[in-house]
Amino acid sequence: MALGKKIRQLREELGMSQAQLSSQGALSQGYLSQLENDEVQNPSAAVIFRLAQALHIDPRVLMQAAGYHHMVNGTDEEEYEVTVDPELLRFLARFPREQQMHLLRLLEGLDQQKQQVEETPQPAAPSAIEREGRSRAGVPTGG
């Protein structure tokens, strides 16, 4: 598949507009349109890597579609795995970049709170024998 068709296919699968992808890929919408229409010969590796990052895919997919087979068929057998749910990516792609960053900061804050709670030692619950001993001594059992 040609590079332009591959970019368009991936962009549409994510539900992204050209404006969104061009913004996240740090290139002009006009240049993205030219890429998608296969009007650009030999785009730079930097452009391909930025687009791959914005599309959340292995850059080798776009490199191969662009005809850079010598860079794709190296000895590195490591697989690139996208660990983000595509539905989540489609949802987030609808928001402007500023709102995406706000959501990211919110999620990072929630993650930090969760880690703090997990790291806080929890007091051991009193055993049934300890509760029985406290109740006989007139000490409230708290439960």
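Scanning the range 7-22 for residues that are assigned to a loop (DSSP other than H, G, I, E, B) and over 17 Å from the mean Cα position of the chain (by Cα) yields one hit, SER17. Picking from MET16, MET1, which residue would you name as being in contact (Cβ under 8 Å) with a residue 60 or more places away in the chain and within 17 Å of PHE91 (Cα to Cα)? Selected residue: MET16, the only one of MET16, MET1 that is in contact (Cβ under 8 Å) with a residue 60 or more places away in the chain and within 17 Å of PHE91 (Cα to Cα). Kindly list, by first and then second residue, each pair from a residue in the range 96-120 that is in a helix (DSSP H, G or I) to a residue that is surrounded by 10 or more Cβ atoms within 10 Å (Cβ to Cβ) and of a type in the set (Phe, Trp, Tyr), limited to pairs with Cβ atoms under 9 Å and residues at least 6 apart or on different chains. Matching pairs, first to second residue: HIS102/PHE95; LEU103/PHE95. Considering (1) farther than 20 Å from GLY25 by Cα; (2) modelled with pLDDT of 80 or more, the lone condition that GLU77 does not fulfil carries the number (2). Name the single residue, out of those in the range 23-50 being surrounded by fewer than 12 Cβ atoms within 10 Å (Cβ to Cβ) and not in a loop (DSSP other than H, G, I, E, B), that is modelled with the highest pLDDT. Ranking the candidates gives GLY30 first. Would you confirm whether or not the range 126-133 contains a residue that is at pLDDT below 75, among the aliphatic types (A, V, I, L, M) and in a loop (DSSP other than H, G, I, E, B)? Checking the range 126-133: not a single residue is at pLDDT below 75, among the aliphatic types (A, V, I, L, M) and in a loop (DSSP other than H, G, I, E, B).
The values are calculated or read from the model by the stated rules, or taken from the named source; none is laboratory data. Values in this document were obtained by computation on a predicted structure and should not be read as measured data. Virtual Cβ from ideal backbone geometry, glycine too; neighbours counted across all protein chains shown.
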